[in-house]
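Below is one structure; the comments refer to it alone.
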Amino acid sequence: MSRSPRLPPHPACVRARRPLGRAGRHAQRGYTLLEVIVAFALLALALTLLLGTLSGAARQVRWSGDAGRAALHAQSLLDQVGVGAPIEVGESGGELDGGRYRWALDVRPWRDPSTPPDAPLEPAAPQLFEITLSVRWGEGRPGDRVELRTLRLAPATAEVAL
């Protein structure tokens, strides 16, 4: 006896045998309220992170612009020290850009640390000065400052040379 191949059941019969509750669930496609709430929460989190990053980037760009402008002002001020007038020991300060930048200049004689402190200075020799310039902006936070230090060689003064 030979068996005939078994044919798949007719689709109408399959539908009729399926339980009604399962067919109703599969017939409606969509998102549940929980899925929508989770999707909105993830979107809110992603937007918060993105806006925080953009805000931090804008702050960095503003700071770098201020720091660059302060460095240019500082370089310009340092270039003027000892030009047109002899270098004078002491402190001075002022404002630039309508008070947006504040500067302080400190000029001190420089001595080589390897020489003894009581070694006499040669009066007719040129003298080195340590010049420290600090430029501040904004509310004066520690990061809102540029400080430059340099040594400047000055010729012997006329009083000392005589």
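For this structure, a couple of remarks:
Conditions tested, residue by residue: (1) at pLDDT 65 or above; (2) assigned to a helix (DSSP H, G or I); (3) farther than 30 Å from Trp103 by Cβ.
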site	(1), (2), (3)
Val14	no, yes, yes
Gly24	no, yes, yes
Val36	yes, yes, yes
Ala41	yes, yes, yes
Ala46	yes, yes, yes
Arg59	yes, yes, no
Trp63	yes, yes, no
Ala71	yes, yes, no
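- Residue in region 91-101 that is free of Cβ contacts under 8 Å to residues at least 40 places away in the same chain and surrounded by 15 or more Cβ atoms within 10 Å (Cβ to Cβ) present: yes
- Only a single criterion out of (1) outside any strand (DSSP E or B); (2) crowded, with 17+ Cβ neighbours inside 10 Å is not satisfied by Phe129, namely (1).
- Among (1) among the small types (Gly, Ala, Ser); (2) touching a residue at least 40 places away in the same chain (Cβ under 8 Å); (3) touching a Phe, Trp or Tyr at 6+ places or on another chain (Cβ under 7 Å), the one test that Gly82 misses: (3)
- Residue in region 97-106 that is in a helix (DSSP H, G or I), of a type in the set (Ser, Thr, Tyr) and within 20 Å of Leu148 (Cα to Cα) present: no
- Residues located in region 132-162, provided they are over 20 Å from Arg102 (Cβ atoms) and either in a loop (DSSP other than H, G, I, E, B) or at pLDDT 80 or above (or both): Leu151, Arg152, Leu153, Ala154, Pro155, Ala156, Thr157, Leu162
- Scanning region 73-86 for residues that are part of a loop (DSSP other than H, G, I, E, B) and loosely packed, with under 13 Cβ neighbours inside 10 Å turns up Val83, Gly84, Ala85, Pro86.
The values are calculated or read from the model by the stated rules, or taken from the named source; none is laboratory data. Just so it is clear, the structure is predicted and the values come from calculations on it, not from any experiment. Note that each Cβ is placed from the backbone with ideal geometry, even for glycine, and that neighbours are counted across all protein chains shown.
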